[in-house]
Each structure stands twice: as structure tokens, then as C-alpha cells.
Amino acid sequence: MTTRHIPTRRPLRTAIVAGLMAALSAPAMAATLDTLVASEIETRFGGDVEVRIFGKGNDVVVADALAGGVTFEALDVTARRDRFTAIALVPKADGGKVRYDLRGSLEDMRAMPVLTRAVMPGETIRESDIGWASFPMRTLRSNVIDDVENLVGRTVRRPLQPGQLLNAVDVKTPVVVRKGATIAMKLTNGAMRLVAGGRALENGGVGDTIRVMNLASRQTVDAVVTGDDTVEVVTLQSHILASR
């Protein structure tokens, strides 16, 4: 059985963010029994869980040299995966074993991307700013960001602290077209490609749809930002771009 040895209780696993746990990077010298139970549940039933033992056994610490010898005579998980019972046999230094009849709660966890440093509004998130931490699945809302690709290269809307869950409203696409800037308006219609000068009426990042005005015709259209001061007009009316 493969076990994970953590020097503190599992509820502190959310602090395993890369860069935040440098002080705890030394090899662990002991494993708590709840950590060993969680590892056994994950091995047998899958997933990532956090365990809390009720009563006897909740403060048992197993020496690192003996942790690999812990065995479980029985281990049952409820259909809702919120409770467990187990019989653990923990080896002693003298060769004997101590029997623990365990019961407790468990919670499904999920690894989520988090920041490893404080990031201020307007800063761009780099890949090196991102680590991972486990959170209870019941706390995860639909707008939480679970993909690194939705973080790298985005700018921050509000101050964000390391280790916290990140929501879609916390970040935005970097502005590459600013309101009032002179821009290149492009339109492709079959084999025809037109380009005209325009003025941005809104800020926008790559992929955003903003309002722009043709400098020659003074007509306003929707356009998708494609790069620095460049947009693609969202219309088939190619005459809108005509400067004459």
C-alpha cells in the first residue's frame, strides 16, 4: 500500500500550494492515522478524500518507519461517501500490533489551481504564479476556475491572495485595444479582404467583441479584437469599411 505522510492533520492540505510550503518541505517523520485511512480509502474506492476520525484514534501518530505496516481488516464507506468505519492494525516498535476500531466522516476533495503569491489588480498571471491545492467539492461553485489555461495570461480585477479559490469574475483578458485608440478594422468576405482605419469605442482584449467606428464613414459596428489595435468586423456589409 502506498501512503502519503503529512506532518500535520489533513484539513491543512489546502496549504500544500507550491511555494507556500517551503518551510514544510523536509521529509516527514510521522503520519497521522487519519491520513493513512484517507490513503486507503483512495486506493480502494478512488478519488481524493479528507478524513476525520471520531473519538479513539483521532490523535494517533504512526512513526514513519512503521506506517507502511499499517493494515486494515475492514474498511467500509457509505453510499453517500460521507462516513466510514474501519479496523486498523497499527504495528508497534516491539513487533506487536494495536487494534483500532475507527469511525468518522470523510469528504471528497478536488485539486484546484491557486495563486502562489499575492497578485494585485492589473497584474498578469504567469504560469509560475500557479500552484495546486485541495478543496472540499461541496464548496466548489459553477464559476470557479479549474483550468490553468483560464488563468495564465489573464489580468487580475481585484487583489487576490495565495491559496484561495479563483472565480471567473476575478480575472479578465488583458486589454490590447483601448477606448479612443486608432485601430485597424479588417473584414473578410469570401476572397475579398478590406482594411480601414477606425476608433475603438470600448476597451477590449483578444476575443472580446467591442464597438468601433469607421473614421471615414462614421458608421459604428461590432468587431472582435484579434490583436494589438486590430479588430475583425462582425458583419457581411463590406461597404461599411469603404472609405469612399
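Considering only alpha-carbon pairs that sit under 8 angstrom and 6 or more positions apart, the relative contact order computed for the range 153-206 is 35 percent. Highest mean first, the peptides 36-49, 71-84 sorted by other C-beta atoms within 10 Å per residue fall in the order 36-49, 71-84.
Sequence-distant contacts, meaning Cα pairs under 8 Å at least 6 residues apart, place the relative contact order of the range 134-244 at 21 percent.
Charge tally around Gly180: other residues with Cβ under 13 Å, Lys/Arg +1 each, Asp/Glu -1 each, net +2. The alpha-carbon of Lys97 sits under 26 angstrom from the alpha-carbons of these lysines, leaving out residues fewer than 8 places away in its chain: Lys56.
Placing pseudo-labels 7 Å out from each Cα toward the beta carbon at Glu127 and Arg110 gives an inter-label distance of 2.4 nm.
Net charge in the neighbourhood of Phe84 (other residues with Cβ under 9 Å of its Cβ; Lys, Arg +1, Asp, Glu -1) is +1.
Rule-based calculations on the coordinates, nothing more; no lab input. Just so it is clear, the model here is predicted, and its values are computed rather than measured. When we count neighbours, we look across all protein chains shown, and the Cβ atoms used for this are built from the backbone with ideal geometry, even at glycine.
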